[in-house]
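Below is one structure, written out as structure tokens, with a few remarks after it.
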Amino acid sequence: MSSKTETLIDIRGLKKTFPVKASVFSSKSIPLKAVDGVNVQIKKGETLGLVGESGCGKTTVGRCVLRLYEPDRGRVWLDPDPAVVAEVEQFDLEYEQLQSQLDDVIASGRVRGAGQKTRELRNQIRKNRNIARRKAMQQDILSMGRDQMHKMRRNVQMVFQDPWASLNPQMVVSDIIGEGPHTYGTHKGARLNKWVMELLDKVGLPRNAANRYPHEFSGGQRQRIGIARALALTPKLIVCDEPVSALDVSVQAQIVNLLISLQDDFELAYLFIAHDLSVVQYISDRVAVMYLGKIVELGTGEQLYNNPRHPYTISLLGSIPVADPEIKTQERILEGDVPSPVNPPKGCTFHPRCPNRIESCSQIIPLLEKSRDGHVIACHNPPNG
Amino acid sequence: MDNVLEVKDLATYFFMHDYIIRAVDGVDFTLGRGETLGIVGESGCGKSITSMSMMRLVPDPPGRIISGEISLKGRDILKISDDEMRKVRGNEISMIFQEPMTSLNPVFTIGFQISEVLRLHRDIGKQDAITEAARLLRMVGMSDPEERVNEYPFQLSGGLRQRAMIAIAMACEPTVMIADEPTTALDVTIQAQILRLMRQLKETKDTSIAFITHDLAVIASFTDRVMVMYAGVAVETSTVHEIFKNPLHPYTQGLLGSVPVLGDRKVNADGSRKLLNAIPGSLPDARRFPRGCRFAPRCPKAMKKCWEAEPATVEVAPGHQVRCFLHHDEVRVISKRDLGAAGKRVLKNQQKNSGKKKSSADGSKTDTPTARN
């Protein structure tokens, strides 16, 4: 596991809002901040777990990485060259400044020379954006054009949550698995056939499955087909969006085992998205906890479990029942519900439910900072030091 | 502890066009006063149909309770008339369903839906019932209940809806409450709130709860006794401590090994990644169970005997019943079941169809992966 040092994916400042209707009868729409500034890295061959309750934006992050959703802001670097990243960062910084200047000019209203100034600034911004895009194009998934996207998709694949909805019912299994290699021309004719058989062996399906349709399989087996499809192009990263939550407990364990053993065979990195903290902790090297579109804590699985720092992580761990009747979990139950992401609380989004809040929590948004023991948390007043 | 509910040899079958689904096939259990029994199993094992049978809510046709005895405080509720059953349901035995959105009526207010139960079972006026509903909502921990009674289900979040469901179920202070996966659709922090609420209510009202779930961790933290179901039968019943410390049935052992424990070591001593002890294979088809033990095809310890005969449920230690030849030698004697007219119809269709396509029916014996829900 020496390859775990190089960065494979570097997500920076990712933001995504969805327009939602203000009310049933109005035509106005208001923005729902699904992902609000996420920064996280995935190293080669590493599993990064992403946990959080429903509506926290974990699925949106996964989908933005593949551009299944088009993010509003941010960059997703694939195999980044640090020099290029730094250069583009400079341009992005300049862009922010120009944009704020422009906002100021517009806000100052109709004064002499305002029109001229606006035009100039707009021109500068356009130029800045064009250069940044050209520089980032080869490595930033979000600024890639059609051709680069096509090349990129070989390296990043996805396994979906619902094995009943994510396989085309009109295609036989060998076509489902072989579609990728066929499109990219990596395997042809008899070799494609051999490759599909090899993949079926790898994911533990019988070879005669190749000529059957998805409806003939159980949920666990369908999820195996979905995994074989994702593996077919030998990607570097697989985004697993709740891959086991639709499955029964005994089958869930089979799929988790399969994902772990495939990781060593194919040198894969996973972005493992799930709401079940015990599964995520089990499979992941590092775990990021999300709350209302932001990462609140990031650390290795052991760190997070043995020494959680953010009050949200602490209460999340406290509310998970333990499969041992001898252990009674310490009652640290959160009150209330997750606030609506349309109108999130000011300051730290967690402060209305937080047992540890101080004055500044409702004013200032806490930033992700490294604490002494290597944890990364976003909190003004973390409990016990 | 006196038993308020006794279920003996309950069997609920579904009669489809040309096959019979044996969803529940001979389940026995008891529920003491103030006790919580966890019923655990995977999807399709018959745990929900067991609870539906206890409420007599199995859709007929195609389903039918074909044998058994469910005595609630000494009275067999399978023998009473539908009118009498209406007086029992919601009054002496009530139910919390899994999906709070689909089980509440979207066009009536929460207050109306709670008062409906009260007015049916108690001599109480409309206005008083609404006041009582507000009191119940306060009891389940809702803020400003006087306002909430006028709200519709869509105005509430998932956790609050489940609280409203609990208020309906608790309205008449039933002796037995059946909770069918009450927290499965909820987030963990909300699940913790609901479980705490149910624990408080149970202690103050002395209600007996049959708690149905697939989540072993919830079972461990909430129940007193556990019944593990597999393919329509109970394979092991014991106290919660026994089940987790000393599981006897290979299925129970496999189920416990399948769940990752938070904070477990992920690496073996030699540096390789540790894998979960998963159970191989998938659930058997409810249309044709294996001839012997139903778990034999997936069992790591299956013997020759397991394929030939079905084991009986035997109490191997005080309060610990298990259905497995590893622990005893008793063979199950299945009482003859009268399938009635519906059964005859199915058998006739079956014969007709098997005559039509005889050759295609043979392939099902081997491990062909065709288990469908």
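The values are calculated or read from the model by the stated rules, or taken from the named source; none is laboratory data. None of these values were measured; they are calculated from a predicted model. Every residue, glycine as well, gets a Cβ built from its backbone with ideal geometry; the counts of neighbours run over all protein chains shown. SASA here: full protein model, heavy atoms, side chains in, ligands and nucleic acids out. Shrake-Rupley method; radii C 1.70, N 1.55, O 1.52, S 1.80 Å.
List of remarks:
- Hits in the stretch A:24-51 - residues which are part of a loop (DSSP other than H, G, I, E, B) and either without any contact (Cβ under 8 Å) to a residue 60 or more places away in the chain or out of contact with any Lys or Arg (no Cβ under 6 Å at 6 or more places or on another chain) (or both): A:Val24, A:Phe25, A:Ser26, A:Ser27, A:Lys28, A:Lys44
- Pick from the stretch A:243-257, criterion out of contact with any helix residue (DSSP H, G or I) (no Cβ under 7 Å at 6 or more places or on another chain) and closer than 18 Å to A:Gly49 by Cβ, ranking: least open to solvent (accessible area, probe 1.4 Å): A:Asn257
- In the stretch A:259-306, the qualifying residues are those that are farther than 22 Å from A:Asn39 by Cβ and polar (S, T, N, Q), and the one that is surrounded by the most Cβ atoms within 10 Å (Cβ to Cβ) is A:Ser278.
- For A:Pro82, the conditions (1) surrounded by fewer than 22 Cβ atoms within 10 Å (Cβ to Cβ); (2) without any contact (Cβ under 8 Å) to a residue 60 or more places away in the chain; (3) in contact with an Asp or Glu (Cβ under 9 Å, 6 or more places away or on another chain) are fulfilled apart from (3).
- Residue tally, condition open to solvent by 60 Å² or more (accessible area, probe 1.4 Å) and either under 21 Å from A:Leu32 (Cβ atoms) or touching a helix residue (DSSP H, G or I) at 6+ places or on another chain (Cβ under 7 Å) (or both), over the stretch A:375-385: 1
- Filter result for B:Ser94 (among the hydroxyl-bearing types (Ser, Thr, Tyr) and open to solvent by 40 Å² or more (accessible area, probe 1.4 Å)): no
- Helices (runs of 4 or more DSSP H) lying entirely in the stretch B:1-109 (those with 3 or more residues that are more than 14 Å from chain A (Cβ to nearest Cβ)): B:47-54, B:82-88
- Scanning the stretch A:343-374 for residues that are open to solvent by less than 60 Å² (accessible area, probe 1.4 Å), modelled with pLDDT of 80 or more and away from every other protein chain (no Cβ under 14 Å) gives A:Pro344, A:Pro345, A:Gly347, A:Cys348, A:Thr349, A:His351, A:Asn356, A:Ser360, A:Cys361, A:Ser362, A:Pro366.
- Selection status of A:Val251, among the β-branched types (Val, Ile, Thr), within 13 Å of chain B (Cβ to nearest Cβ), on the phi < 0 side of the Ramachandran plot and assigned to a loop (DSSP other than H, G, I, E, B): no
- The residues in the stretch A:337-369 that are of a type in the set (Gly, Ala, Ser) and under 22 Å from A:Ala34 (Cβ atoms) can be counted, and the count is 2.
- Only one of the listed residues (B:Arg148, B:Arg163, B:Arg75, B:Arg119) is free of Cβ contacts under 8 Å to residues at least 24 places away in the same chain, surrounded by 15 or more Cβ atoms within 10 Å (Cβ to Cβ) and not aliphatic (A, V, I, L, M). That residue is B:Arg119.
- Qualifying residue in the stretch A:230-242 (condition: in a helix (DSSP H, G or I) and either surrounded by 21 or more Cβ atoms within 10 Å (Cβ to Cβ) or within 14 Å of chain B (Cβ to nearest Cβ) (or both)): yes
- Selection status of B:Leu262, facing chain A (nearest Cβ under 7 Å), under 28 Å from the mean Cα position of the chain (by Cα), part of a helix (DSSP H, G or I) and of a type in the set (A, V, I, L, M, F, W, C): no
- Strands (runs of 3 or more DSSP E) (entirely within the stretch B:202-250) containing at least 3 residues that are within 13 Å of another protein chain (Cβ to nearest Cβ), aliphatic (A, V, I, L, M) and surrounded by 20 or more Cβ atoms within 10 Å (Cβ to Cβ): B:225-230
- Picking from residues in the stretch B:97-116 that are among the aromatic types (Phe, Trp, Tyr) and under 24 Å from B:Ile190 (Cβ atoms), the one that is surrounded by the fewest Cβ atoms within 10 Å (Cβ to Cβ) is B:Phe108.
- Residues within the stretch B:278-301 that are without any contact (Cβ under 8 Å) to a residue 24 or more places away in the chain and open to solvent by 30 Å² or more (accessible area, probe 1.4 Å), tallied: 3
- From B:Ile124, B:Ile80, residue being over 30 Å from A:Gly336 (Cβ atoms), touching a Leu at 6+ places or on another chain (Cβ under 7 Å) and free of Cβ contacts under 8 Å to residues at least 12 places away in the same chain: B:Ile124
- Every pair of residues 6+ apart whose Cβ atoms lie under 7 Å, when the first sits in the stretch B:180-200 and is closer than 10 Å to B:Gly159 by Cα and assigned to a loop (DSSP other than H, G, I, E, B) while the second is open to solvent by less than 30 Å² (accessible area, probe 1.4 Å) and of a type in the set (Asp, Glu): B:Asp187/A:Glu53
- Cβ-Cβ distances below 7 Å connect the following pairs, each with a first residue in the stretch A:205-218 that is more than 7 Å from chain B (Cβ to nearest Cβ), a second residue that is open to solvent by 50 Å² or more (accessible area, probe 1.4 Å) and part of a loop (DSSP other than H, G, I, E, B), and a separation of six or more residues or different chains: A:Tyr213/A:Pro169; A:Pro214/A:Pro169; A:His215/A:Pro169.
- A residue that is within 14 Å of chain B (Cβ to nearest Cβ) and open to solvent by 30 Å² or more (accessible area, probe 1.4 Å) occurs somewhere in the stretch A:168-180.
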